[in-house]
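Scroll down for the structure; my scribbles are underneath it.
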Amino acid sequence: MSMTQTSSATAPGTKCWSCGKIADGHFCAACGKIQPLPRGTSYFAFFALPEKLQIDPEALEQQFHKLSWKLHPDNFMRADEFERNLSLERSSELNDAYRALRDPLTRVEYLLAHKGMRKEGAAKQQAPPELLEEVFELNESLDELREARAAGEDLAALRASLESAEQDFQEKLAGVDAELDQVRTEWDAAIEANATESDLSKVMARMNEILNRRSYIRNLVVSVAKELADA
Amino acid sequence: MAYSEKVIEHYNNPRNVGSLDKKDPNVGTGLVGAPECGDVMKLQMKVNPATRVIEEAKFKTFGCGSAIASSSLATEWVKGKTVEEALAIKNTDIVRELALPPVKIHCSVLAEDAIKAALSDWKTKQGEEVNAAETKSAAH
Ligand code: FES
């Protein structure tokens, strides 16, 4: 399926299993029967959306409600088993698709996973050594604070340094999120401009790298927040 | 998440926590991270250049219980082994020993990656050539 077109929920030119006419949506336009879901259908295609990262959340939600109503198994109680199963399958897929696309961050993760850029494990790249060093050091200073607290050192001073650490990590996180926003815009522009696969891959590699960095920093934010809650 | 007894045991009594002198030419340092969860692990080994036997191993891990247990186990296993024997340790060996569930496999991968990274650092320091396959990420 071409990445640049508005994709539909079935491969173009797929024939309806029931009437044989061309059917390229969740339902056959000619006879109205529910259609099977081709393997590897992207969640974007599920909502008949182009593979862009900026999605209007309200339109998505509306589309979700509309589809979940149309695909709902209750509508197929009197249909045969084949159609009943299709409705079940599609309904559960719909929920997964909505969950993945609703949140801007999981949307990026989904896009990269769908394109084979972010496989759990296999395609993982090591983070740059400087980043790991930095994260490790920040973790170590957090550890020192923890130990100081356990040793009963001055709590007020400790709290102050935790708070400044938190602010520091929050700023870093905001920085990464700004980078992510930037690259989202770039991606959408590239899709719009029918960019080549290799240009698209470059943008995805950047997104991947930013997501990796983000997960380390987010981890630090969570750890320091936990410390602060205990302090 | 229910951890296995072995994981809990290592978690409560981690072996060989600490660090070695990074600048010592006989010490190899491996610092690796798992982008899936943002956890980081540092593993260091002191290797006798004459015998190629790993004499000391230390780790420090900021991560989940499984990652701590995996690195603790890794330091135990590499001690007394030669560089080549240590490089043969697979993350699947760790998974088996600690009875890690599938969602925790990446934690053991981190430990295997750390061993490999530390030893390739040592080799570089010794002026040895590092085999490209050794620095690659572990099998998942
Ligand atoms: S959860 Fe990430 S190392 Fe264990």
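So if I check each of A:Asn219, A:Asn208, A:Asn212, which one is open to solvent by 30 Å² or more (accessible area, probe 1.4 Å), of a type in the set (S, T, N, Q) and either assigned to a helix (DSSP H, G or I) or within 14 Å of chain B (Cβ to nearest Cβ) (or both)? Give the steps one after another, and end with the answer.
On the way: A:Asn208 fails: open to solvent by 30 Å² or more (accessible area, probe 1.4 Å); A:Asn212 fails: open to solvent by 30 Å² or more (accessible area, probe 1.4 Å).
Unique residue meeting the criteria: A:Asn219.
Can you tell me which residue among B:Thr29, B:Thr51 is away from the ligand (no atom under 16 Å from the Cβ), among the hydroxyl-bearing types (Ser, Thr, Tyr) and away from chain A (no Cβ under 13 Å)? Explain how you work it out, then say what you get.
Working: B:Thr29 fails: away from chain A (no Cβ under 13 Å).
Only one candidate qualifies: B:Thr51.
Evaluate region A:130-141: report whether one residue or more is closer than 17 Å to A:Asp230 by Cβ and not assigned by TED's automatic domain parsing to the domain that holds A:Gly40. Looking for residues that are closer than 17 Å to A:Asp230 by Cβ and not assigned by TED's automatic domain parsing to the domain that holds A:Gly40, one finds at least one in region A:130-141, hence yes. Checked against (1) surrounded by 16 or more Cβ atoms within 10 Å (Cβ to Cβ); (2) more than 19 Å from B:Ile8 (Cβ to Cβ); (3) within 14 Å of chain A (Cβ to nearest Cβ), B:Lys22 meets all criteria but (1). Would you say B:Val27 is closer than 15 Å to B:Ala114 by Cα and surrounded by fewer than 24 Cβ atoms within 10 Å (Cβ to Cβ)? Spelling it out, B:Val27 is indeed closer than 15 Å to B:Ala114 by Cα and surrounded by fewer than 24 Cβ atoms within 10 Å (Cβ to Cβ).
The set of residues in region A:161-175 being at pLDDT below 85 and over 15 Å from A:Val222 (Cβ atoms) consists of A:Ser161 alone. For region A:130-180, a tally of residues being open to solvent by 70 Å² or more (accessible area, probe 1.4 Å), of a type in the set (S, T, N, Q) and within 14 Å of another protein chain (Cβ to nearest Cβ) returns 0. On the stretch given as region B:54-91, residues that are more than 12 Å from the chain's Cα centre (by Cα) and within 16 Å of the ligand (Cβ to nearest atom) total 5. Against the conditions (1) in a helix (DSSP H, G or I); (2) away from every other protein chain (no Cβ under 14 Å); (3) more than 16 Å from the ligand (Cβ to nearest atom), where does B:Thr124 fall short? Just the number, please. Every condition holds for B:Thr124 apart from (2).
Taking region B:38-48 as the range and being within 14 Å of the ligand (Cβ to nearest atom) and of a type outside the set (Asp, Glu) as the test, the residues that pass are B:Gly38, B:Val40, B:Met41, B:Lys42, B:Leu43. Does A:Glu109 meet the test of being open to solvent by 80 Å² or more (accessible area, probe 1.4 Å) and either within 14 Å of chain B (Cβ to nearest Cβ) or in contact with a Phe, Trp or Tyr (Cβ under 7 Å, 6 or more places away or on another chain) (or both)? No: the conditions fail for A:Glu109. Here region B:49-77 is the region considered, the condition is being touching a strand residue (DSSP E or B) at 6+ places or on another chain (Cβ under 8 Å) and among the aliphatic types (A, V, I, L, M), and the residue that is farthest from B:Glu112 (Cα to Cα) is B:Val53.
Out of curiosity, is B:Lys42 open to solvent by less than 40 Å² (accessible area, probe 1.4 Å) and under 30 Å from A:Ile210 (Cα atoms)? Yes. B:Pro102 falls short on exactly one of the conditions (1) within 14 Å of chain A (Cβ to nearest Cβ); (2) surrounded by 14 or more Cβ atoms within 10 Å (Cβ to Cβ), and that condition is (2). Checked across region B:36-44, the condition of being without any contact (Cβ under 8 Å) to a residue 40 or more places away in the chain, within 18 Å of A:Asp143 (Cβ to Cβ) and within 14 Å of another protein chain (Cβ to nearest Cβ) holds for at least one residue.
The values are calculated or read from the model by the stated rules, or taken from the named source; none is laboratory data. Owing to the predicted nature of the structure, the values given are computational and were not obtained by experimental measurement. Cβ: placed from backbone, ideal geometry, glycine included. Neighbour counts: every protein chain shown. Accessible surface is based on the protein model in full, side chains and every heavy atom, while ligands, DNA and RNA are left aside. Shrake-Rupley method; radii C 1.70, N 1.55, O 1.52, S 1.80 Å.
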